[in-house]
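The values are calculated or read from the model by the stated rules, or taken from the named source; none is laboratory data. Everything numeric in this text was worked out from a predicted model, so none of it was measured. Note that each Cβ is placed from the backbone with ideal geometry, even for glycine, and that neighbours are counted across all protein chains shown.
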């Protein structure tokens, strides 16, 4: 059963796209991540042009973040003020990112930069997560208690000026590191089609020392707006958002996520993190291989009217 | 500069039959062609089709016709765009697009049909001058191309890629005479035929000499849901982008209601 993707300009098997969306949705529900960093590489493996995969991935992130954010909103675990500061940085970052995206596309290096960025990001995050979860698993087997660093501890970031009081998070923090974090995540969103939660959450906890209970909700709040903004800007600047592909992915994704959550609740945290780390590494390695092996065709054609 | 170049090319086009063969312009032959429609709508499940063009030679020499000295070439040229060919090379172990060359206004699709292989109809010089056939169409590079030593390489790659993907096709034998001077030509519309104004060009050759040509416009309009989406994405991108976001918001919101756990 094939469906024609109008923007990607190719016919795909709808069952494969549904399966991809459901699998990533399942994993994102299980691990509590947005799934953008998995969906975009998978689409690229399935020969969707990277430019379309990135912009459409951002659209899928909007859908998968909304339901999570609504739950956090009901529970009151979103710091709107902190989220807004992050968002200001994020929108600026996304604007720069889309500009970079158009520039790289014009000079013909976009596909390469997307692949390289994924290899570096997935390689680093996967390795760190695997390392951390192996240590945690060892500790658990020796029945040691895990001592997290106390949130009261301060580092150089807390000495920066322009401080602001965030009542909900009960912290007094400079807006500079918060907006900078948002800015960096914004660039990633528009160049790679990821929400960036898997980087933002650890950065908020370990670097900014924001209480864990508001971190996930607040990052989702920022992700929704930055990825929605990215989708609109990508659509107007590059015409690369494929609404048909995005819709099939998000339907399968939100359903898959529900089952993922149920399975995730039965597994232990360290095991879960080790599994996710292996998955992240596998996707990164697959992309790295693609860059190194000689391509079947070394020439490619791009015309003003069509083609990528 | 570009305009000058084009005038030069046009000049070549008109001068070709005169300069290539020092014959006086005493051709009495006229060529007429017709298609049943000047616009074709293509639905989204389109997988390629043949377009039939009918034509007639007027004022022909019956003797030459009987000897099969008349040859006809029909080409369906798609809309023209500046087109870039990129080449990958290994840099520090990674395959990177390093060189590129942009050709000025080449057709997005090209289907050629003729009474026999066009290289046996007229000498290659003539075909080059008139730009008939995939191997003879003008591929003029834009911008800096260095010493031009890699021009042939990029032109060959361009032709090869366009032919392997099926957007450039040729059918030597696709033009058939159905009576002494009436002919029928079928040209192939590829599955991913581009939208826009295509031009049907017919050329008449008498014993290897170009004698007459005729051109007709043909509008290709894609219809259906997919096409409506493509049009929306390009013509009202802001509205399209907002719609895509709203679709995601509604999907996510509905999911949170349907699967509400707390």
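Take residue B:211 and tell me if it is buried (at least 16 other Cβ atoms within 10 Å of the Cβ), closer than 30 Å to residue B:227 by Cα and touching a strand residue (DSSP E or B) at 6+ places or on another chain (Cβ under 9 Å).
Details: buried (at least 16 other Cβ atoms within 10 Å of the Cβ): yes; closer than 30 Å to residue B:227 by Cα: no; touching a strand residue (DSSP E or B) at 6+ places or on another chain (Cβ under 9 Å): yes.
The answer is no for residue B:211.
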Yes or no: the stretch B:222-238 includes at least one residue that is buried (at least 16 other Cβ atoms within 10 Å of the Cβ), more than 9 Å from chain A (Cβ to nearest Cβ) and under 30 Å from residue B:129 (Cβ atoms).
no
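Condition check ((1) assigned to a helix (DSSP H, G or I); (2) surrounded by 18 or more Cβ atoms within 10 Å (Cβ to Cβ); (3) out of contact with any helix residue (DSSP H, G or I) (no Cβ under 7 Å at 6 or more places or on another chain); (4) in contact (Cβ under 8 Å) with a residue 24 or more places away in the chain) across all residues:
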{"position": "A:169", "(1), (2), (3), (4)": "no, yes, no, yes"}
{"position": "A:176", "(1), (2), (3), (4)": "yes, no, yes, no"}
{"position": "A:182", "(1), (2), (3), (4)": "yes, yes, no, yes"}
{"position": "A:187", "(1), (2), (3), (4)": "yes, yes, no, yes"}
Any pair with Cβ under 6 angstrom, 6 or more apart, that starts in the stretch A:13-25 at a residue that is farther than 14 Å from residue A:247 by Cα and ends at one that is buried (at least 16 other Cβ atoms within 10 Å of the Cβ)
A:24/A:35; A:24/A:38; A:24/A:39
Matching residues in the stretch B:126-151 - criterion: being within 13 Å of another protein chain (Cβ to nearest Cβ) and closer than 20 Å to residue A:297 by Cα:
B:150
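Got a sec? Which of A:270, A:297 is without any contact (Cβ under 8 Å) to a residue 24 or more places away in the chain and out of contact with any strand residue (DSSP E or B) (no Cβ under 7 Å at 6 or more places or on another chain)? Before the answer, list the steps.
Working: A:270 fails: without any contact (Cβ under 8 Å) to a residue 24 or more places away in the chain.
Criteria check complete, one pass: A:297.
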Can you give me the ranges of the strands (runs of 3 or more DSSP E) entirely in the stretch B:77-133 with at least 2 residues that are surrounded by fewer than 17 Cβ atoms within 10 Å (Cβ to Cβ) and in the same structural domain as residue B:207 (by TED's automatic domain parsing)?
B:80-91, B:94-107
Restricted to the stretch A:67-82, and to residues that are in contact with a helix residue (DSSP H, G or I) (Cβ under 6 Å, 6 or more places away or on another chain) and closer than 30 Å to residue A:163 by Cα, which residue is farthest from the other protein chains (Cβ to nearest Cβ)?
A:82
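Give me a count of the residues in the stretch B:29-53 that are within 14 Å of chain A (Cβ to nearest Cβ) and either in a strand (DSSP E or B) or out of contact with any strand residue (DSSP E or B) (no Cβ under 7 Å at 6 or more places or on another chain) (or both). I'd like the intermediate steps shown before the answer.
Step one: filter the stretch B:29-53 for residues within 14 Å of chain A (Cβ to nearest Cβ), giving B:42-48.
Cutting the leftovers down to either in a strand (DSSP E or B) or out of contact with any strand residue (DSSP E or B) (no Cβ under 7 Å at 6 or more places or on another chain) (or both) gives us B:42-43, B:45-47.
The number of residues fulfilling the criteria is 5.
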Restricting attention to the stretch A:263-308, report how many residues are under 23 Å from residue A:20 (Cβ atoms), surrounded by 13 or more Cβ atoms within 10 Å (Cβ to Cβ) and within 14 Å of chain B (Cβ to nearest Cβ).
6
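Suppose the filter is within 14 Å of chain B (Cβ to nearest Cβ) and touching a helix residue (DSSP H, G or I) at 6+ places or on another chain (Cβ under 9 Å); does residue A:31 pass it? Step through it out loud before you land on a result.
Numbers: within 14 Å of chain B (Cβ to nearest Cβ): no; touching a helix residue (DSSP H, G or I) at 6+ places or on another chain (Cβ under 9 Å): yes.
So residue A:31 fails the test.
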Between A:14, A:70, which is farther than 18 Å from residue A:185 by Cβ, in contact with a strand residue (DSSP E or B) (Cβ under 7 Å, 6 or more places away or on another chain) and surrounded by fewer than 24 Cβ atoms within 10 Å (Cβ to Cβ)?
A:14
Here is a check on your reading of the model: is residue A:120 exposed (fewer than 15 other Cβ atoms within 10 Å of the Cβ), within 14 Å of chain B (Cβ to nearest Cβ), at pLDDT 90 or above and under 15 Å from the mean Cα position of the chain (by Cα)?
yes
Residues within the stretch B:231-262 that are assigned to a loop (DSSP other than H, G, I, E, B) and within 20 Å of residue A:253 (Cα to Cα), tallied:
3
Could you check the stretch A:233-254 and list, in sequence order, the residues that are crowded, with 24+ Cβ neighbours inside 10 Å, within 7 Å of chain B (Cβ to nearest Cβ) and closer than 24 Å to residue A:32 by Cβ?
A:246, A:250, A:254
Which listed residue, of A:230, A:212, is at pLDDT below 85 and either within 10 Å of chain B (Cβ to nearest Cβ) or touching a helix residue (DSSP H, G or I) at 6+ places or on another chain (Cβ under 8 Å) (or both):
A:212
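When you look at residue A:85, is it more than 13 Å from every other protein chain (Cβ to nearest Cβ), within 14 Å of the chain's Cα centre (by Cα) and modelled with pLDDT of 90 or more, yes or no? Outline the logic, then answer.
Numbers: more than 13 Å from every other protein chain (Cβ to nearest Cβ): yes; within 14 Å of the chain's Cα centre (by Cα): no; modelled with pLDDT of 90 or more: yes.
Answer is no for this residue.
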Within the group B:217, B:194, which residue is within 14 Å of chain A (Cβ to nearest Cβ) and either part of a strand (DSSP E or B) or in contact (Cβ under 8 Å) with a residue 24 or more places away in the chain (or both)?
B:194
Residue A:223 passes all but one of the listed conditions (1) in a helix (DSSP H, G or I); (2) away from every other protein chain (no Cβ under 14 Å); the exception is number (2)
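Just to verify a result, which residue in the stretch A:90-111, among those that are within 25 Å of residue A:280 (Cβ to Cβ) and crowded, with 18+ Cβ neighbours inside 10 Å, is farthest from the other protein chains (Cβ to nearest Cβ)?
Step one: list which residues in the stretch A:90-111 are within 25 Å of residue A:280 (Cβ to Cβ), which gives A:90, A:93-94, A:97, A:100-101, A:104, A:109-111.
Those left that are additionally crowded, with 18+ Cβ neighbours inside 10 Å: A:90, A:93-94, A:97, A:101, A:110-111.
On the way: A:90: 15, A:93: 18, A:94: 13, A:97: 15, A:101: 14, A:110: 10, A:111: 8 Å.
This residue is A:93.
Quick check on the stretch B:154-183: of everything there that is assigned to a helix (DSSP H, G or I) and in contact (Cβ under 8 Å) with a residue 12 or more places away in the chain, which residue is farthest from the chain's Cα centre (by Cα)?
Restricting attention to the stretch B:154-183, the residues satisfying the condition of being assigned to a helix (DSSP H, G or I) are B:154-164.
Those left that are additionally in contact (Cβ under 8 Å) with a residue 12 or more places away in the chain: B:154-155, B:157-159, B:161-163.
Working: B:154: 18, B:155: 16, B:157: 17, B:158: 13, B:159: 12, B:161: 14, B:162: 10, B:163: 11 Å.
That would be B:154.
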Cβ contacts < 8 Å: first residue within 13 Å of residue A:227 (Cβ to Cβ), restricted to the stretch A:84-96; second residue not in a helix (DSSP H, G or I), any location; separation 6+ or different chain. Result?
none
